[in-house]
1. For region 60-71, check the following and say yes or no: at least one residue is assigned to a loop (DSSP other than H, G, I, E, B), of a type in the set (S, T, N, Q) and in the same structural domain as ASN149 (by TED's automatic domain parsing).
2. Give me a count of the residues in region 222-256 that are among the aliphatic types (A, V, I, L, M) and within 11 Å of the ligand (Cβ to nearest atom).
3. I need the helices (runs of 4 or more DSSP H) fully contained in region 198-269, keeping only those with at least 1 residues that are touching a residue at least 60 places away in the same chain (Cβ under 8 Å).
4. Among the numbered criteria (1) small (Gly, Ala, Ser); (2) at pLDDT 95 or above; (3) surrounded by fewer than 21 Cβ atoms within 10 Å (Cβ to Cβ), which single criterion is violated by SER310?
5. Among the candidates ALA34, ALA28, ALA18, single out the residue that is among the small types (Gly, Ala, Ser), out of contact with any helix residue (DSSP H, G or I) (no Cβ under 7 Å at 6 or more places or on another chain), crowded, with 19+ Cβ neighbours inside 10 Å and on the phi < 0 side of the Ramachandran plot.
6. Given the conditions (1) under 24 Å from the mean Cα position of the chain (by Cα); (2) touching a residue at least 24 places away in the same chain (Cβ under 8 Å); (3) not in a strand (DSSP E or B), which single one is not true for LEU42?
7. Based on what the data block shows, is PHE263 within 16 Å of GLY217 (Cβ to Cβ), assigned by TED's automatic domain parsing to the domain that holds GLU203, within 15 Å of the ligand (Cβ to nearest atom) and of a type in the set (Phe, Trp, Tyr)?
Amino acid sequence: MERMALLMLVSDIVIGNAPLSEQMQEIARHVHEAFGVTACVLRELHHDGLHLLASSGFHMESLPAVLDPQKGIAGRMIADKLPLIITNVPADSLTAKLHASGGPIHFQSFAGAPMIVHGEVIGLLGVYSAEQQHQFTGEDLEHLQLVANHVGVSVLNARLFREVTNAYERTLEGWSAALEYRDPVTKGHTMRVTELTVRLAREMNWDESNIIHLRRGAMLHDIGKMAIPDEILMKPGPLTREETLIMRQHPEIAREMLEPIEFLRPALDIPLNHHERWNGSGYPRGLRGEMIPPAARLFSVVDVWDAMCSDRPYRKALAPSDARDYLKENAGILFDESAVASFLKVEAAG
Ligand SMILES: [Fe+2]
């Protein structure tokens, strides 16, 4: 019953939505308790070693953050893809170092299991006892293997999620770099405004879960310019009336480009609305005041600031004090007053 209870607990933790580090810490604690051992450790196998995920019962300073996956008991379990018991840690050649690794605790016996998912070793789960009489049984080992495999599913999910998110982020960076190749005047503008907008949102106490979308939106704010013809996008002088109308289509083009991509839909506020202005004088929809999504209200302050402080082929950059004055004069007219006030604080902080 106790073993079933532990498996059920582990399953519940694994299907929950806590971050991986918290899940693993909780699992280490439960395994430590359920097996009645002195300590428990969980490690994940990466290409560069076995990384510590969580532990319970150890003196942390005695636990290496990364282990060589080819050496010692870890190496044996990974190579054999099998769990193992060491009944006499001080005398075993594989565990010469383990004897002392508990710091002031001297381990006597060990049981460990590789986390195996789809036939691959994802990580390791190990339990340690410092009691002379403690004997791990074959049944303990089977149980440990089951728990390890359950935990492995969660570790693998987190890894896949990391990889997919990473691929998304690199793709977005690629898109925004592609736009900067076409529009070299604004080189460096995207990264600067993205970084400043994130700082502004933090200053305004935005939740980090919303900042993720804000950041993506800022990176893609002018992505619609991809569809603007070269002779307009790269024209060094002022645009004609017709050219201006075409240029002003870029927010709507961004909407058409990004809306079908589900993970970018929450990031659309900035690409679609960054040229809207507080008094309704902006485009494409002429939204006013709080009708303008908050992300776009923050971003437009940063975007205008960065444009004023940068050289253009047809004009020199403004002095920062003049750019500051412009924002102050237009707070509550073109820009959200609270966004301007917070921006000036962020800007003053450097
Ligand atoms: Fe724009």
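The values are calculated or read from the model by the stated rules, or taken from the named source; none is laboratory data. All values derive from a computational prediction rather than experimental measurement. Every residue, glycine as well, gets a Cβ built from its backbone with ideal geometry; the counts of neighbours run over all protein chains shown.
1. Of all residues in region 60-71, those assigned to a loop (DSSP other than H, G, I, E, B) come to 63-65, 68-71.
Then drop every residue that is not of a type in the set (S, T, N, Q), which leaves 70.
From what's left, in the same structural domain as ASN149 (by TED's automatic domain parsing): 70.
So far as region 60-71 goes, yes, one or more of its residues are assigned to a loop (DSSP other than H, G, I, E, B), of a type in the set (S, T, N, Q) and in the same structural domain as ASN149 (by TED's automatic domain parsing).
2. First pass over region 222-256, keeping only residues among the aliphatic types (A, V, I, L, M): 223, 226-228, 232-234, 239, 245-247, 253-254.
Filter once more, so that each one left must be within 11 Å of the ligand (Cβ to nearest atom): 223, 228, 247, 253-254.
Going through region 222-256 one residue at a time, the tally reaches 5.
3. Working: elements: 208-219, 230-233, 241-247, 250-258.
Where helices (runs of 4 or more DSSP H) fall fully within region 198-269 and carry at least 1 residues being touching a residue at least 60 places away in the same chain (Cβ under 8 Å), they are 208-219.
4. So SER310 meets the others, but not (2).
5. Values: ALA34 fails: out of contact with any helix residue (DSSP H, G or I) (no Cβ under 7 Å at 6 or more places or on another chain); ALA18 fails: crowded, with 19+ Cβ neighbours inside 10 Å.
Within the list ALA34, ALA28, ALA18, the selection yields ALA28.
6. (3)
7. Values: within 16 Å of GLY217 (Cβ to Cβ): yes; assigned by TED's automatic domain parsing to the domain that holds GLU203: yes; within 15 Å of the ligand (Cβ to nearest atom): no; of a type in the set (Phe, Trp, Tyr): yes.
Judged against the criteria, PHE263 is not a match.
For (1) farther than 30 Å from MET77 by Cβ; (2) in contact with a Ser or Thr (Cβ under 8 Å, 6 or more places away or on another chain), each residue gets a yes or a no:
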{"residue": "THR137", "(1), (2)": "no, no"}
{"residue": "ARG159", "(1), (2)": "no, no"}
{"residue": "HIS189", "(1), (2)": "yes, yes"}
{"residue": "VAL198", "(1), (2)": "yes, no"}
{"residue": "SER209", "(1), (2)": "yes, no"}
{"residue": "ILE223", "(1), (2)": "yes, yes"}
